Number of protein chains: 2
Amino acid sequence: MTTTSPRGVNVRHLTVDTVNPSLLNVQYAVRGELAIKAEAYRDKLKEDNHGLPFDRVISSNIGNPQQLGLDQPPITFTRQVAALMEYPALAELAPHAFPEDVRARAKELQSEIGSIGAYSHSMGVPFIRKNIAKFIAERDGYSSDPNHIFMTGGASVGVSLLLNILIAAPHSGILIPIPQYPLYTATLAQHNGSAIPYHLDEPSNWSTSVHEIEEGIQDALKNGITPRGLVIINPGNPTGALLDEKTQEDVVHLCEKHSLVLLADEVYQDNLHTPDTHPFVSFKKIVRRMNSPIPLVSFHSISKGVSGECGRRGGYFETCNFSDELLALIYKMVSVGLCPPLSGQIGMDCMIRPPKAGEASYELWKKETDTIHEALRQRTKLMSQRLNSLDGAACVDSPGALYLYPQIFLPDKAIEAAKLAGKEPDVFYALSLLDETGICVVPGSGFGQKEGQWHYRLTCLCPGVEDYVSKLENFHKGFMAKYA
Amino acid sequence: MTTTSPRGVNVRHLTVDTVNPSLLNVQYAVRGELAIKAEAYRDKLKEDNHGLPFDRVISSNIGNPQQLGLDQPPITFTRQVAALMEYPALAELAPHAFPEDVRARAKELQSEIGSIGAYSHSMGVPFIRKNIAKFIAERDGYSSDPNHIFMTGGASVGVSLLLNILIAAPHSGILIPIPQYPLYTATLAQHNGSAIPYHLDEPSNWSTSVHEIEEGIQDALKNGITPRGLVIINPGNPTGALLDEKTQEDVVHLCEKHSLVLLADEVYQDNLHTPDTHPFVSFKKIVRRMNSPIPLVSFHSISKGVSGECGRRGGYFETCNFSDELLALIYKMVSVGLCPPLSGQIGMDCMIRPPKAGEASYELWKKETDTIHEALRQRTKLMSQRLNSLDGAACVDSPGALYLYPQIFLPDKAIEAAKLAGKEPDVFYALSLLDETGICVVPGSGFGQKEGQWHYRLTCLCPGVEDYVSKLENFHKGFMAKYA
């Protein structure tokens, strides 16, 4: 196809058929069809006679705690430090507006960083990386080297880079849990890598089985695909499951056996609803305790936890057992992107160095974080119980993360109706839910599920949980009755 | 190579030979060998008896105006708005610390954005994109559509994405000016594309010649490479040159003839030292005025100009003549990265919607921006004159951007000494400059230059310009004498 320019030149169109074909295979359901429709509804709601059967859209498709309508408040300490970093004159202009420890923290960061309007070191401010190393060492009881830590603009950036590095040939594969967070398959498609799926086990609360992973490896090898890395999301997304230490050790052993790089997505490490009985144990601790030589990358983020600072774009990854040559390669690649946002780096420093007991900001910080933890715990419990007690639905109670991933048992008539509409059955269900209630979830096909099963992921972040669950229940009952 | 684990398993090492080979070809001199050595010197200077012949390192390798030692102050308006966005309670706690228009702006942004700790729309906050569209329309006199604008975490992110999209096969090529900003070759290497070089003409003040570009295209075609896009950096980096409208029209005509996507890197559009005689004209204006159907992408950033807010990571690209399908593809790709940092988005809103005459912040804003413009103009002029008058150096006076790119005429003995040291002659020169003066520049080989010519790029950002130029002069004279 061409267009003739006013100068009589036939200009060939740039079309999706002529661009990088790998990108056409990228799928990212979290912000896909459902999210786009939800946005359109949000616009429509601004009209006087919108005619919609709901008066607000609830974006349960994405773990975005501070978004409008969910309104999880930010941690005051973080925002106070950040405001002083933006405009240091405030320390003089309005000293009473900031507790003493906040002013001291900002002063300390300013002396290390200078202006937050300057590029930092491409790996992140050295002082903040030292603080992260201390945080890791205290968490795990094993040392951490600031020069093995790369700060990023959110964990996604790091995941994308590491996958880009590991995909060495069109037949390189990365083991991905099913269900998974679709960043992994999207990024693999972008970089021409192969996703090697291994299934998590729903009946045993979405547990990870090394036998499933081993099967995935054998299937991949049969198909001429070389496994290079293994992704473990712990706590799980979308499942919320937490690995036990025995399984973690088995995973490390498996990585040794197959010389796999272990990619540990640990961004939900601070989202635990029953930390006394189900504590988080990092893969760094396991690898060090086992004295294992496997290369490990652990990802963390300020977007989740009780921080919820998604918009700042802050994260880091720590490498373990990487050679100096590889670290230099990673440094070179991050330097092309210049540096991670300073707002995210400062958010990270505040998250991993919170106020201590006795400091001026401690009481408020404690209250704020306890409140968020407790609200998430209660909502998750209530929602999973109520969803689980519905006919035609089953929901694993999750010990961590921000989500639930209920299974829905759809009647044949619903599946036929979906086929007629040209949709996957779970997409059809989720679209109906959005159309009727304004609640936007992500269909299970966006995360992966066993053939013939249907799920959806929803966040446990809404403020009025009772009203929210009632809407989900009423819709589900109506849907099941309609297609019975 | 393997390591035996404590469990007796032989674990193959992850080495640079086993990772993605494309990444080994990535080169990014701006933060390369020189910058790494400069960092080491900076650390050494903290020691009591450092024994170095200088007492500070001047990082002239990167356009980073607010870095320690350069200390270009941020625009107060931007930082005040940003501080209120971080901690909205300040409007009540310290109203006297903020002018009225700042409080009004923050309130307006808060009502559109909500918390800056939430992910925004993946393309950027719709309200801010509307403001950008207005800014573009006022600049060019042609309409702009907010839905064709994608906000990014700095211009680099957008460049990387567009190159990734355009590289459709191993033999896709992108036309790149020589000298160039090495982001382009680095990103092409990463995505397995081919850089098709075209030379800028130093004797005519680094002008762009469509004949050179045409020659590049013909050479590429002979070598089986399909040109897909043309990069123009205007004002130029590292040259500071500005295209005239006739050349811009010729470029658009050439893009029509060869169905090329025009990638206009216009991040220095506000860095003009003689705007009355050499004004910036956007390619958007030219394309619209010519009613051309060529696909155009224009990149902008808050890191340069007088904003200099590198650490916020803010930028946008505007697409022109892109189909809905392509826009959907780009949207899908940016959604995988979730959203650009809110700090950068707010910085962009402040940059393209500065205070207006009569508003409370206007006088200060005017004074601050005038001062930065004037200082840059004076420094650029003085530095280019002084460097140009040196024996064995020639420096084109630049009408824009933040850099100079002097040519150095190295004696044979210096070239031999470089060879003995295993370095390119310009790298050898730049390393000597760093060793003797603490001034870190980037050798011309990092940007590209004609065979047998040697250059370096340095920024015009230092505060004490007289002292800075004297150091450059003295070093140059000494170097030339040593190898005469």
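The values are calculated or read from the model by the stated rules, or taken from the named source; none is laboratory data. Remember, predicted model here, so these are calculated numbers, not experimental data. Ideal geometry is used to build each Cβ from the backbone, glycine not excepted, and the neighbour counts take in all protein chains shown.
Selection within the range B:5-29: residues that are more than 8 Å from every other protein chain (Cβ to nearest Cβ) and not in a loop (DSSP other than H, G, I, E, B). The member of this set that is modelled with the lowest pLDDT is B:Ala29.
Return yes or no: is B:Ala118 over 31 Å from the mean Cα position of the chain (by Cα) and either in the same structural domain as B:Thr185 (by TED's automatic domain parsing) or closer than 30 Å to B:Ser343 by Cα (or both)? Show your work before the answer.
Details: over 31 Å from the mean Cα position of the chain (by Cα): no; either in the same structural domain as B:Thr185 (by TED's automatic domain parsing) or closer than 30 Å to B:Ser343 by Cα (or both): yes.
No.
Figure legend. Inter-residue proximity from the range A:338-349: first residues within 7 Å of chain B (Cβ to nearest Cβ) and over 14 Å from A:Leu84 (Cα atoms), second residues among the hydroxyl-bearing types (Ser, Thr, Tyr) and in a helix (DSSP H, G or I), beta-carbon distance below 7 Å, spacing 6+ or different chains. Indicated pairs: A:Leu338/B:Ser156; A:Pro341/B:Ser343. Cβ-Cβ distances below 6 Å connect the following pairs, each with a first residue in the range B:85-101 that is assigned to a loop (DSSP other than H, G, I, E, B), a second residue that is charged (D, E, K, R), and a separation of six or more residues or different chains: B:Tyr87/A:Arg79. Checking each residue in the range B:110-129 for being within 23 Å of B:Tyr331 (Cα to Cα) and outside any loop (DSSP other than H, G, I, E, B) picks out B:Glu112, B:Ile113, B:Pro126, B:Phe127, B:Ile128, B:Arg129.
Of all residues in the range B:10-39, those being surrounded by fewer than 19 Cβ atoms within 10 Å (Cβ to Cβ), in contact with a helix residue (DSSP H, G or I) (Cβ under 8 Å, 6 or more places away or on another chain) and without any contact (Cβ under 8 Å) to a residue 24 or more places away in the chain number 3. The set of residues in the range B:68-104 being touching a Cys at 6+ places or on another chain (Cβ under 8 Å) and crowded, with 24+ Cβ neighbours inside 10 Å consists of B:Ile75, B:Phe77, B:Thr78, B:Val81, B:Ala82. Determine whether A:Tyr405 is crowded, with 20+ Cβ neighbours inside 10 Å and aromatic (Phe, Trp, Tyr). When the stated conditions are applied, A:Tyr405 passes them.
The residue of the range B:66-102 that is nearest to A:Leu84 (Cα to Cα), among those that are touching a Phe, Trp or Tyr at 6+ places or on another chain (Cβ under 6 Å) and within 7 Å of chain A (Cβ to nearest Cβ), is B:Ala83. For the range B:411-459, the set of residues classified as of a type in the set (A, V, I, L, M, F, W, C) and surrounded by fewer than 21 Cβ atoms within 10 Å (Cβ to Cβ) consists of B:Ile415, B:Ala417, B:Leu420, B:Ala421, B:Leu431, listed by residue number.
Which of (1) part of a loop (DSSP other than H, G, I, E, B); (2) closer than 26 Å to B:Pro182 by Cβ; (3) within 20 Å of the chain's Cα centre (by Cα) is the odd one out, the single condition B:Ser298 does not satisfy? Among (1) part of a loop (DSSP other than H, G, I, E, B); (2) closer than 26 Å to B:Pro182 by Cβ; (3) within 20 Å of the chain's Cα centre (by Cα), the lone unmet condition for B:Ser298 is (1). Summed over the range A:11-64, residues that are aliphatic (A, V, I, L, M) and either on the phi > 0 side of the Ramachandran plot or over 27 Å from the mean Cα position of the chain (by Cα) (or both) total 6. Just to be sure I understand, how many residues within the range B:114-144 are under 21 Å from B:Glu318 (Cβ atoms) and either within 14 Å of chain A (Cβ to nearest Cβ) or touching a Leu at 6+ places or on another chain (Cβ under 7 Å) (or both)? Summing the residues that are under 21 Å from B:Glu318 (Cβ atoms) and either within 14 Å of chain A (Cβ to nearest Cβ) or touching a Leu at 6+ places or on another chain (Cβ under 7 Å) (or both) in the range B:114-144 gives 11. All conditions but one from (1) outside any loop (DSSP other than H, G, I, E, B); (2) of a type outside the set (D, E, K, R); (3) touching a Lys or Arg at 6+ places or on another chain (Cβ under 8 Å); (4) more than 20 Å from B:Asn271 (Cα to Cα) apply to B:Met333; the one that does not is (3). Taking (1) surrounded by fewer than 22 Cβ atoms within 10 Å (Cβ to Cβ); (2) within 14 Å of chain B (Cβ to nearest Cβ); (3) at pLDDT 95 or above in turn, A:Leu296 satisfies each apart from (1).
Residues are listed down the side, and each one gets a yes or a no for (1) surrounded by fewer than 23 Cβ atoms within 10 Å (Cβ to Cβ); (2) within 10 Å of chain B (Cβ to nearest Cβ):
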residue	(1), (2)
A:Phe283	no, no
A:Arg289	yes, no
A:His300	no, no
A:Lys304	no, no
A:Gly308	no, yes
A:Arg312	no, yes
A:Phe317	no, no
A:Leu329	yes, yes
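Within the range A:54-65, restricting attention to residues that are within 9 Å of chain B (Cβ to nearest Cβ) and in contact with a helix residue (DSSP H, G or I) (Cβ under 7 Å, 6 or more places away or on another chain), the residue that is modelled with the highest pLDDT is A:Asn64. For the range B:369-385, the criterion of being more than 24 Å from B:Asp467 (Cβ to Cβ), more than 22 Å from the chain's Cα centre (by Cα) and either modelled with pLDDT of 95 or more or within 14 Å of another protein chain (Cβ to nearest Cβ) (or both) is met by no residue. Under the condition of being touching a residue at least 60 places away in the same chain (Cβ under 8 Å), under 18 Å from A:Thr76 (Cα atoms) and among the basic types (Lys, Arg), the residues counted in the range A:350-391 number 1.
Scanning the range B:243-270 for residues that are more than 25 Å from B:Asn64 (Cβ to Cβ), touching a residue at least 40 places away in the same chain (Cβ under 8 Å) and away from chain A (no Cβ under 14 Å) yields a total of 2. Looking only at residues in the range B:242-276 that are of a type in the set (Val, Ile, Thr) and under 26 Å from B:Gly308 (Cα atoms), the one that is surrounded by the fewest Cβ atoms within 10 Å (Cβ to Cβ) is B:Thr274. Of all the listed residues (B:Leu162, B:Leu183), the sole one being in contact (Cβ under 8 Å) with a residue 12 or more places away in the chain, more than 8 Å from chain A (Cβ to nearest Cβ), under 22 Å from the mean Cα position of the chain (by Cα) and farther than 17 Å from B:Ile352 by Cα is B:Leu162. Of the candidates B:Ala418, B:Ala430, the single residue that is part of a helix (DSSP H, G or I), under 21 Å from the mean Cα position of the chain (by Cα) and either outside the structural domain of B:Ser389 (by TED's automatic domain parsing) or under 28 Å from B:His199 (Cβ atoms) (or both) is B:Ala430. Against the definition (more than 19 Å from A:Leu402 (Cα to Cα), hydrophobic (A, V, I, L, M, F, W, C) and touching a His at 6+ places or on another chain (Cβ under 8 Å)), how does A:Ile213 come out, yes or no? No, not satisfied. Among the residues of this structure, A:Leu52 does not count as one that is surrounded by fewer than 23 Cβ atoms within 10 Å (Cβ to Cβ) and not assigned by TED's automatic domain parsing to the domain that holds A:Phe447. Find the residue count for the range A:145-159, including only residues that are in a strand (DSSP E or B) and at the interface with chain B (Cβ under 10 Å from one of its Cβ atoms). Of the residues in the range A:145-159, 0 are in a strand (DSSP E or B) and at the interface with chain B (Cβ under 10 Å from one of its Cβ atoms).
How many residues are closer than 29 Å to A:Leu161 by Cβ and either free of Cβ contacts under 8 Å to residues at least 24 places away in the same chain or surrounded by fewer than 21 Cβ atoms within 10 Å (Cβ to Cβ) (or both) if we restrict to the range A:195-205?
4
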